[in-house]
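S.K.: Can you keep this structure in mind? I'll have questions shortly.
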Amino acid sequence: MLGLANKYKTGLAKTRHSFFGRIVDLFRAQDITEETWDELEALLIQADVGVETTLDLINALRSRANERGVRSPEKLEELLKEQLVEMLQVNRRPYLDGERMLNVVMVVGVNGSGKTTSIAKLARYHKERGDRVLLAAADTFRAAAIDQLKVWGERAGVEVIAHQPGADPGAVVFDAIRASQARRVDVLIIDTAGRLHTKYNLMQELRKMVGVARKQVHQAPHETLLVLDATTGQNALSQARVFTEMVGVTGVLLAKLDSTAKGGMVFAIHKQLGLPIHFVGTGETLDDLQPFDPKAFVEGLFAEED
């Protein structure tokens with residue numbers, strides 16, 4: 001089994017081999033010039049850190065470098081890493097913080113974002129920690145979504161509560177909560193529809209599910225996780241804003257991080273949306289879901305190649 005540091009190093013290979021690799025090369029120069037700052041800014045933007053986030057980062061980095069009298073590129077690299085970790089620590093809070101008999105986790109995201117496979121990985125994550133887990137197939141709009149969740153639930157060794165296609169999603173949530181309570185389940189994970197092109201209907205549907213959950217379990221859902229596809233880069237930010245407005249997202253699960261060269265979007269999500277990233281998908285298997293660790297993530301971006 002790969003350790004956490006190696007999981008991040010492997011999962012961030014594409015990002016590291018492209019833009020962040022060139023940033024590392026930049027710090028192997030003899031001295032720091034204005035060209036160094038310009039090139040660093042350009043590379044961060046190309047890595048999908050985002051223009052606004054990059055400019056804030058560069059300004060803060062220049063100020064800190066002046067305060068500490070940093071003159072060597074090597075020291076500047078350490079300062080950048082320190083700044084990036086600090087950025088990711090803002091708004092951090094534990095996933096499913098607090099003790100309760102039943103934890104209800106609602107998972108949202110657009111179709112094709114990797115939502116269903118991420119739910120299966122999350123179920124496996126909880127099972128490995130000794131939790132009793134149940135899944136709810138509340139994306140009743142697509143028959144394929146129900147079937148897909150059942151397949152992944154079977155692979156993860158977790159039962160799925162489902163109704164027929166076209167059924168009321170709120171009824172699925174109601175039955176899943178009742179089943180969870182009867183079986184003394186620790187974590188109920190609810191799949192939801194992701195049809196952004198029918199935004200109003202989706203919003204009403206999601207809000208109704210939240211209402212049903214809250215009537216059955218105090219303060220449920222206790223987490224509303226947004227699954228974002230890392231390969232979509234800055235487009236993921238607009239998706240995140242829509243879902244946050246609709247249903248009050250509490251954290252992000254970043255899927256397909258291993259498939260993109262633009263892992264810098266993590267910083268844009270964190271800075272611009274103020275949302276904590278709770279998990280990242282770093283591979284194809286059920287075990288390839290890592291709790292987000294800011295220091296391990298940044299080290300993975302700058303890791304030396306074997």
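S.K.: Being surrounded by 14 or more Cβ atoms within 10 Å (Cβ to Cβ) and either touching a residue at least 60 places away in the same chain (Cβ under 8 Å) or touching a helix residue (DSSP H, G or I) at 6+ places or on another chain (Cβ under 7 Å) (or both): is that true of VAL172 here?
M.R.: In short, no.
S.K.: How many residues are more than 26 Å from ARG241 (Cα to Cα), surrounded by fewer than 20 Cβ atoms within 10 Å (Cβ to Cβ) and in contact (Cβ under 8 Å) with a residue 24 or more places away in the chain if we restrict to segment 74-90?
M.R.: The qualifying residues number 3.
S.K.: Also: Any residue that is part of a loop (DSSP other than H, G, I, E, B) and over 23 Å from the mean Cα position of the chain (by Cα) - is there at least one of those in segment 230-247?
M.R.: Checked against the condition, which is being part of a loop (DSSP other than H, G, I, E, B) and over 23 Å from the mean Cα position of the chain (by Cα), segment 230-247 yields no hits at all.
S.K.: Which of the residues that make up segment 24-45 are touching a residue at least 60 places away in the same chain (Cβ under 8 Å) and over 15 Å from SER72 (Cβ atoms)?
M.R.: The answer is LEU44, and nothing else.
S.K.: Further question on the same structure: Based on this model, can you work out whether LYS215 counts as among the basic types (Lys, Arg), surrounded by fewer than 19 Cβ atoms within 10 Å (Cβ to Cβ) and at pLDDT 85 or above?
M.R.: yes
S.K.: Restricting attention to segment 79-101, report how many residues are of a type in the set (A, V, I, L, M) and in contact with an Asp or Glu (Cβ under 7 Å, 6 or more places away or on another chain).
M.R.: Final tally of qualifying residues: 1.
S.K.: So, in segment 91-107, of the ones that are modelled with pLDDT of 95 or more and within 27 Å of PHE267 (Cβ to Cβ), which residue ends up surrounded by the most Cβ atoms within 10 Å (Cβ to Cβ)?
M.R.: Per the criteria, the residue is MET106.
S.K.: Answer yes or no: is there a residue in segment 48-71 that is of a type in the set (Val, Ile, Thr), surrounded by 12 or more Cβ atoms within 10 Å (Cβ to Cβ), more than 29 Å from ALA236 (Cα to Cα) and modelled with pLDDT of 90 or more.
M.R.: The answer is yes, given that some residue of segment 48-71 is of a type in the set (Val, Ile, Thr), surrounded by 12 or more Cβ atoms within 10 Å (Cβ to Cβ), more than 29 Å from ALA236 (Cα to Cα) and modelled with pLDDT of 90 or more.
S.K.: Name the residue, out of GLY21, GLY98, GLY69, that is at positive phi and free of Cβ contacts under 8 Å to residues at least 24 places away in the same chain.
M.R.: GLY69
S.K.: Taking into account only those residues within segment 276-287 that are modelled with pLDDT of 90 or more and either acidic (Asp, Glu) or touching a helix residue (DSSP H, G or I) at 6+ places or on another chain (Cβ under 8 Å) (or both), which is surrounded by the most Cβ atoms within 10 Å (Cβ to Cβ)?
M.R.: Result: VAL280.
S.K.: With the structure loaded, tell me whether ALA29 is hydrophobic (A, V, I, L, M, F, W, C), surrounded by fewer than 16 Cβ atoms within 10 Å (Cβ to Cβ) and more than 17 Å from GLU304 (Cβ to Cβ) or whether it fails that test.
M.R.: Taking the combined requirement at face value, the residue satisfies it.
S.K.: What's the number of the only condition in (1) modelled with pLDDT of 95 or more; (2) closer than 21 Å to PRO276 by Cα; (3) among the acidic types (Asp, Glu); (4) out of contact with any Asp or Glu (no Cβ under 8 Å at 6 or more places or on another chain) that ASP229 fails to meet?
M.R.: (1)
S.K.: Give just the number: which of (1) more than 28 Å from ARG124 (Cβ to Cβ); (2) charged (D, E, K, R); (3) surrounded by 15 or more Cβ atoms within 10 Å (Cβ to Cβ) does ASP186 not satisfy?
M.R.: Against the list (1) more than 28 Å from ARG124 (Cβ to Cβ); (2) charged (D, E, K, R); (3) surrounded by 15 or more Cβ atoms within 10 Å (Cβ to Cβ), ASP186 comes up short only on (1).
The values are calculated or read from the model by the stated rules, or taken from the named source; none is laboratory data. Everything numeric in this text was worked out from a predicted model, so none of it was measured. A quick note on method: Cβ atoms are made from the backbone with ideal geometry, for glycine too, and the neighbour counts reach across all protein chains shown.
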